[in-house]
Amino acid sequence: QVQVVESGGGLVQAGGSLRLSCTASGNIFGIKAMEWHRQAPGKQRELVAGITSRDRTSYADFVKGRFTITRDGAKNTVHLQMNGLKPEESAVYYCVLFDAGYDFWGQGTHVTVSP
């Protein structure tokens, strides 16, 4: 069993910053990658950023230059630093871990960006 827990969400004004964290625990064999996705009310879930076990990062175009994903491999933790947040980025942010051919999702953390 693998557990994925996100934290760091909250309320922030437009233009502000938040730092999300995601920690994986349990029967982890070897993390291949971790990603952040988000889902706004009434919209489909979308990929925000990802990082591999070799620290290769990728970002959706709409967050490039504003969001940064980092990894602490020793702690099975990833962080998402989000700067310049926009109201339309209010969503539940989910972390997903890819390990041994499976994907494990967290319950999500709410981010609300006020105008």
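The values are calculated or read from the model by the stated rules, or taken from the named source; none is laboratory data. Everything numeric in this text was worked out from a predicted model, so none of it was measured. All Cβ positions, even for glycine, are placed from backbone atoms using ideal geometry, and neighbour counts span all protein chains on display. Areas reflect the complete protein model, heavy atoms only, side chains present, ligands, DNA and RNA absent. Shrake-Rupley method; radii C 1.70, N 1.55, O 1.52, S 1.80 Å.
A few notes on this one:
- Within the same chain, aspartates and glutamates fewer than 8 places from residue 43 are excluded, and of the rest, those with a Cα less than 15 Å from its Cα are 88, 89.
- Inter-site label distance for residue 64 and residue 7 at 7 Å from Cα along Cβ, in nm: 3.3
- Protein heavy-atom accessible surface, 1.4 Å probe, per residue over region 19-60: 61 Å².
- Dipole-positive endmost among 58, 87, 104 within the chain (Cβ charges, Cα centre): 58
- Here's the picture: a label point sits 7 Å out from the Cα of residue 81 along the beta-carbon direction, and within region 32-64 the residues with their amide nitrogen under 18 Å of it are 36, 49-52, 55-60, 63-64.
- Net charge dipole size for the chain [Lys, Arg +1 and Asp, Glu -1 on Cβ; Debye, nearest 20]: 180
- Karplus-derived 3J(HN,Hα) values for region 29-38, using 6.51 cos²θ - 1.76 cosθ + 1.60 with θ = phi - 60°, are 8, x, 5, 8, 6, 9, 9, 10, 10, 9 Hz; glycine and proline are entered as x.
- Nonlocal amide H pairs with residue 85, under 5 Å, H built at 1.01 Å: 15, 16
- For the chain, radius of gyration divided by Kirkwood radius, i.e. Rg to Rh on alpha-carbons: 0.96
- Under the Karplus curve 6.51 cos²θ - 1.76 cosθ + 1.60, θ = phi - 60°, whole-Hz ³J(HN,Hα) for region 94-103, x wherever Gly or Pro sits: 10, 10, 10, 10, 10, 8, 6, x, 10, 10
- Across the chain, Cα pairs under 8 Å and at least six residues apart give a relative contact order of 37 percent.
- Across region 42-50, coupling constants 3J(HN,Hα) worked out from phi with the 6.51/-1.76/1.60 Karplus curve, θ = phi - 60°, read x, 10, 6, 5, 9, 6, 9, 7, x Hz, and Gly and Pro carry x.
- Solvent-accessible area assigned to carbon and sulfur over the chain amounts to 49 percent, based on a 1.4 Å probe.
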